[in-house]
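Just below is one structure, and these are the notes that go with it.
The values are calculated or read from the model by the stated rules, or taken from the named source; none is laboratory data. Worth saying up front: this structure is predicted, and the values here are computed from it rather than measured. Heads up, the Cβs are rebuilt from the backbone with ideal geometry, glycines too, and the neighbour counts pull from every protein chain shown.
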Amino acid sequence: MLLLFLSAFLARGGQPPATAGLLAGEIEAPGGAKLPYLVYVPRDYDAARRWPLVLFLHGQGESGTDGWRQLLQGLPPALFAAPERWPAIVLLPQKPDSDREWESYEKALLALVDRARRTWAIDPERVILTGLSQGGHGSWVLGARHPDVWAAVGPVCGYAAARRRDAAGRIPADAFGGTAADLAKPLASTPVWAFHGAIDDVVPVAETEAMIAALRAAGGTPRVTIVPKVGHGVWSRAYEDPEFAAWLIAQRRSVRRPKSREPRPLSLLGQPRSGRRGNRRGPLTDAERRRRR
C-alpha cells in the first residue's frame, strides 16, 4: 500500500528535485534515542514566499524506527492522493515506542519545528498541529502546552488523559494525566476542529465530546465533526475532507505584541503632579520657599 502511495505521488511529475518531495532525517529524542522523520516539501516550493507548516502525529500502530510506517494512515495518504489540498511543508515524525505518548517526545518535536523554520521559508503565523488517535491525544496536549506556537489544532479521534498505565496502574510521569478542563483553559483561544467516529470502540467519542464541552466552557469556539456509523478509522474521512484541509491551512495565529505605553502629551511634560501645590503652575511664592527650607 505504501509503495502504491509513493508511486502515485512520484508519477505526478517524475522524480522530484532534491529540495522537494519526501526528505528523511532524524532528531535526538529522550534517552539519547533518535526520532526519525520525513518532511514533505511541495513540488512548487519557492523560498520567495512564506509557507504553512503542518506537524502530523501518527497513531500507536505506526510507531517504530523504520522511518516510513508513519505514512500508512491519516494525513500522508490524503496528501499523496491530493497534494494540491496541502500547500504546506508537512513534518511526519515517527514515535519509536508505541506505549509512550507523544508528549514524552515534546522537546524533540519542538526542536523539529524549529529546525523546519530555519530550513524552509515558514510563515510563523501558520504552524498547524494535527494527529490521529494517540496523535490526536498528542495534539490536545501539545496544543494546550504551547498555544503560542500553533495557528490551529486538529485532533482526530483523540483523548485527554493518557490511556497507558505502568505495572502499578499509574500514568507514567512523562505523560499527561489531567482532565479535559486542564487542557481547555490554555487552548480556548486557539482555533480547533476535532473529528471522531460515533461508534469508535477504541477511543470512545465521549473523549472528544468532553474536550469540546470543556473548550466551550472556557470561552472557546471549537468546531467538531462526529461522523455517524464510523468507528476508530475516522481519520480517512477527516483528512480526505477538502474543507478540513482548507480550514487548517487558512488559519493564522494572532501575533501578540506587547502593549506600548501611551506617551505623555508634550503639553503635560514638566507639569507638577497634583499634591501639595495642586495643579497650579507658575513660580513658587515666598511662603512656599520658606516652607521648603
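For Ser133, the conditions (1) buried (at least 20 other Cβ atoms within 10 Å of the Cβ); (2) on the phi < 0 side of the Ramachandran plot are fulfilled apart from (2). The set of residues from the range 125-137 being in a strand (DSSP E or B) and without any contact (Cβ under 8 Å) to a residue 40 or more places away in the chain is empty. Total residues in the range 34-87 satisfying the condition of being within 17 Å of the chain's Cα centre (by Cα) and of a type in the set (A, V, I, L, M): the figure is 6. All told, Ala152 falls short of being more than 10 Å from the chain's Cα centre (by Cα) and of a type in the set (Gly, Ala, Ser). Scanning the range 45-72 for residues that are surrounded by fewer than 21 Cβ atoms within 10 Å (Cβ to Cβ), over 24 Å from Arg252 (Cβ atoms) and in contact with a Phe, Trp or Tyr (Cβ under 8 Å, 6 or more places away or on another chain) yields one hit, Gly67. Does at least one position in the range 76-85 carry a residue that is crowded, with 18+ Cβ neighbours inside 10 Å, touching a strand residue (DSSP E or B) at 6+ places or on another chain (Cβ under 8 Å) and more than 24 Å from Phe244 (Cα to Cα)? No, the range 76-85 contains no residue that is crowded, with 18+ Cβ neighbours inside 10 Å, touching a strand residue (DSSP E or B) at 6+ places or on another chain (Cβ under 8 Å) and more than 24 Å from Phe244 (Cα to Cα).
Checking the structure you have, find out if any residue of the range 161-172 is touching a residue at least 40 places away in the same chain (Cβ under 8 Å) and under 22 Å from Ile249 (Cα atoms). Looking through the range 161-172, none of the residues is touching a residue at least 40 places away in the same chain (Cβ under 8 Å) and under 22 Å from Ile249 (Cα atoms). Among the criteria (1) more than 22 Å from Ala144 (Cβ to Cβ); (2) at pLDDT below 95; (3) in contact with a strand residue (DSSP E or B) (Cβ under 6 Å, 6 or more places away or on another chain), the one Gly197 does not fulfil is (2).
Is it the case, given these coordinates, that Ala162 is among the aliphatic types (A, V, I, L, M), surrounded by 21 or more Cβ atoms within 10 Å (Cβ to Cβ), out of contact with any strand residue (DSSP E or B) (no Cβ under 7 Å at 6 or more places or on another chain) and not in a helix (DSSP H, G or I)? The answer is yes for Ala162.
Checked against (1) surrounded by 15 or more Cβ atoms within 10 Å (Cβ to Cβ); (2) closer than 26 Å to Asp46 by Cβ, Arg118 passes all but condition (1). The residue that is nearest to the chain's Cα centre (by Cα), among those in the range 214-246 that are among the hydrophobic types (A, V, I, L, M, F, W, C) and surrounded by fewer than 16 Cβ atoms within 10 Å (Cβ to Cβ), is Ala246. Please indicate, with yes or no, whether at least one residue in the range 228-245 is at pLDDT 95 or above, of a type in the set (A, V, I, L, M, F, W, C) and over 26 Å from Trp86 (Cα atoms). No.
Would you pick out the residues in the range 171-188 that are surrounded by fewer than 16 Cβ atoms within 10 Å (Cβ to Cβ) and farther than 25 Å from His232 by Cα? Within the range 171-188, Ala173, Asp174, Pro186 qualify.
Looking at the range 255-262, can you tell me whether even one residue there is at pLDDT 95 or above and either out of contact with any His (no Cβ under 8 Å at 6 or more places or on another chain) or among the aromatic types (Phe, Trp, Tyr) (or both)?
So far as the range 255-262 goes, no, none of its residues is at pLDDT 95 or above and either out of contact with any His (no Cβ under 8 Å at 6 or more places or on another chain) or among the aromatic types (Phe, Trp, Tyr) (or both).
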